[in-house]
Every structure is written in C-alpha cells, then in structure tokens.
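*Asks:* Take a look at this one; I'll ask things after.
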Amino acid sequence: MSTDCIFCKIASNDIPAKKFYEDEEVMVFHDIRPIAPVHFLIVPKEHVVSLAECDTKHQALLGKMLLLAPKLASEQGLKGFRTMINTGAEGGQEVFHLHVHVFGGGDTLPKV
Ligand code: 5GP
Ligand code: ZN
C-alpha cells in the first residue's frame, strides 16, 4: 500500500471505482476516461510501480492478469480488444501502479 497512490486507494475502497471483478490478488474496473466504448484496467492489489519493477516473483501474477483480459473482454461484450501496458513516464504511464489497459468496441481500432 502506497498512501498517495490512487489505485491503492481504489484497492482499499477509500475511493470508488466501477469494479466488476475482484479476487485476493487482482481487481478490475472501468477506466474513468475511456478511450473506447469499453475500457477497463486490470490491476494488482499489491502496489507494484510498473512492469519495469516486476521480476520472477511477479510471473504468476502477470500471467493471471493477462489471462483475465480475454475472459473479461468477452464478458463485457467485446469480440476483439487491445491490451496496453504503459511503462514509465516516457512510456506514457501516468499512474505509477502497474495496470493493464483493455479496450475495444465500436469502430475498428487504428493500426499500430
Ligand atoms: P496510464 O496512463 O498510467 O497507463 O493509465 C492510467 C489510467 O488510469 C488512465 O487511463 C486514467 O484515465 C485512469 N485513471 C486515473 N485515475 C483514475 C481513477 O481515479 N479511477 C479510474 N477508474 N481510472 C482512473
Ligand atoms: Zn498503488
């Protein structure tokens, strides 16, 4: 738990979020500023700063987070989706608590 971290505050229910999946290690909620009709974040409850801070002890957690993406995307009605993990300020990360973006729906996403 990092006291000034917004995702830690969501994990402890100190600030609200539209959570729709939760277990002992992971929570999933809708992004507050969606960039697609469906846009959610898969987030560990443990405060991990970014993918760059992960090591082998996070391997199972990372696998679990990735495997949740297709399951929850399908439950949210998506036939396809994009995943994104922004890492570090230069990678576009704004919230320094690891999270996987999953988004899709509507028009076909632009090619990257
Ligand atoms: P990043 O740029 O760090 O990869 O993504 C952070 C994401 O968190 C952004 O898409 C932003 O909209 C979302 N976000 C930031 N603060 C909150 C919040 O308080 N609640 C929710 N649900 N999403 C948030
Ligand atoms: Zn945190």
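*Asks:* Read phi for every residue in the range 84-98 and hand back ³J(HN,Hα) as whole Hz from Karplus 6.51 cos²θ - 1.76 cosθ + 1.60, θ = phi - 60°, with x for Gly and Pro.
*Replies:* 8, 10, 6, 10, x, 4, 6, x, x, 6, 10, 9, 8, 9, 2
*Asks:* How big, on average over all directions, is the shadow cast by the Cα convex hull of the chain, in nm²?
*Replies:* Its Cα hull, projected and averaged over all orientations, spans 7.2 nm².
*Asks:* Assigning unit charges at the beta carbon (Lys, Arg +1; Asp, Glu -1) and nothing else, what dipole magnitude in debye, to the nearest 20, does the range 1-43 show about its Cα centre?
*Replies:* The calculation lands at about 280 debye.
*Asks:* Calculate the all-directions average of the projected area of the range 8-53's alpha-carbon convex hull, and give it in nm².
*Replies:* Reported value for the Cα convex hull: 3.7 nm².
*Asks:* While we're on this one: Might you report the magnitude of the Cβ-based charge dipole of the chain about its Cα centre, with Lys and Arg at +1 and Asp and Glu at -1, to the nearest 20 debye?
*Replies:* Values: 11 positive and 14 negative charges, 87 e Å.
Computed about the Cα centre, the dipole is about 420 debye.
*Asks:* While we're on this one: Got a sec? Charge dipole of the chain, +1 on Cβ for Lys and Arg, -1 for Asp and Glu; which of 62, 102, 12 is way out at the positive end?
*Replies:* Checking the options against the dipole of the chain, the answer is 102.
*Asks:* Order these peptides, 98-108, 55-65, 36-46, by their mean beta-carbon neighbour count within 10 angstrom, highest first.
*Replies:* The most tightly packed comes first, giving 36-46, 98-108, 55-65.
*Asks:* Whenever you get a sec, compute what percent of the accessible area on the chain sits on carbon and sulfur atoms (1.4 Å probe).
*Replies:* Summing carbon and sulfur atoms, their accessible area is 55 percent of the total for the chain.
*Asks:* With runs of 4+ DSSP H residues as the only contributors, calculate the mean residue ellipticity of the chain at 222 nm using -39,500 (n - 2.57) per run, divided by the residue total and rounded to the nearest 500.
*Replies:* Per the formula, -6500 deg cm²/dmol.
*Asks:* Further question on the same structure: What whole-number value in Å² describes the accessible area per residue of the range 6-104 for a 1.4 Å probe?
*Replies:* The answer is 56 Å² per residue.
*Asks:* Give the angle, between 0 and 90 degrees and rounded to the nearest 10, that separates the Cα long axis of helix 59-75 from the longest principal axis of the Cα atoms of the chain.
*Replies:* 30 degrees
The values are calculated or read from the model by the stated rules, or taken from the named source; none is laboratory data. These numbers were taken from a predicted model, which means no experiment stands behind them. All Cβ positions, even for glycine, are placed from backbone atoms using ideal geometry, and neighbour counts span all protein chains on display. For the accessible areas, the whole protein counts, side chains as well, though only heavy atoms, and no ligand, DNA or RNA atoms are used. Shrake-Rupley method; radii C 1.70, N 1.55, O 1.52, S 1.80 Å.
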